[in-house]
Amino acid sequence: MRIAFALTIFLIAGACAHVGREGSNALVGQWRYADAIQSCHYVFKRDGSFSGEVVYKGKKVSQFQGKWFVEADHLFYDYTGDVLGTIAAGSQDNDKLVVVAENYFVIEARDGSKRRYNRIQ
């Protein structure tokens with residue numbers, strides 16, 4: 001059960017045919033995804049660093065940071081740490097970028113689920 005939960009958090013904390021550099025610039029900023037059970041907040045910085053947190057059933061379960069980049073139609077995450085220990089430093093993940101717009105982007109995770117992140121700043 002704990003492994004399944006950790007995998008779920010890892011997949012959450014990882015979403016245009018060809019995004020390229022334009023997608024990288026478009027993703028700089030703060031983003032939020034939320035549904036009835038969980039929420040995820042990301043801050044993507046121009047220098048390639050990112051930070052964020054995942055809240056699951058009202059409890060913060062991950063507070064992470066790392067490096068990010070876009071290649072073709074994928075968003076890559078290289079995690080450098082997680083204050084709560086949910087994601088190990090050195091972990092890597094990626095999501096397929098389905099849509100990148102001015103105020104939102106949509107990813108498709110490895111499990112096939114899609115999530116829409118809305119710009120909050």
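The values are calculated or read from the model by the stated rules, or taken from the named source; none is laboratory data. Being a predicted model, the structure only gives us computed values, none of them experimental. When we count neighbours, we look across all protein chains shown, and the Cβ atoms used for this are built from the backbone with ideal geometry, even at glycine.
Please specify each residue of segment 91-121 satisfying the condition of being among the hydrophobic types (A, V, I, L, M, F, W, C) and surrounded by fewer than 17 Cβ atoms within 10 Å (Cβ to Cβ).
Of everything in segment 91-121, those that are among the hydrophobic types (A, V, I, L, M, F, W, C) and surrounded by fewer than 17 Cβ atoms within 10 Å (Cβ to Cβ) turn out to be Val99, Ala101, Ile120.
Look through segment 58-69, keep the residues that are charged (D, E, K, R) and closer than 16 Å to Tyr33 by Cα, and return whichever of them is surrounded by the fewest Cβ atoms within 10 Å (Cβ to Cβ). Break it down stepwise before answering.
Quick first cut of segment 58-69, residues charged (D, E, K, R) only: 59-60, 67.
Keeping just the survivors that are closer than 16 Å to Tyr33 by Cα gives 59-60.
Numbers: Lys59: 8, Lys60: 13.
This residue is Lys59.
Find the strands (runs of 3 or more DSSP E) located wholly in segment 26-121 whose residues include 1 or more that are in contact with a strand residue (DSSP E or B) (Cβ under 6 Å, 6 or more places away or on another chain), on the phi < 0 side of the Ramachandran plot and of a type in the set (Asp, Glu), and list them.
Details: elements: 29-34, 38-44, 49-56, 59-71, 74-82, 92-100, 104-108, 114-119.
So the answer is 49-56, 74-82, 92-100, 104-108.
For segment 42-57, give me each residue that is surrounded by fewer than 18 Cβ atoms within 10 Å (Cβ to Cβ) and over 18 Å from Phe76 (Cβ atoms).
Result: Val55, Tyr56, Lys57.
Looking at segment 10-28, is at least one residue at pLDDT below 95, more than 15 Å from Leu97 (Cα to Cα) and either touching an Asp or Glu at 6+ places or on another chain (Cβ under 6 Å) or surrounded by 15 or more Cβ atoms within 10 Å (Cβ to Cβ) (or both)?
yes
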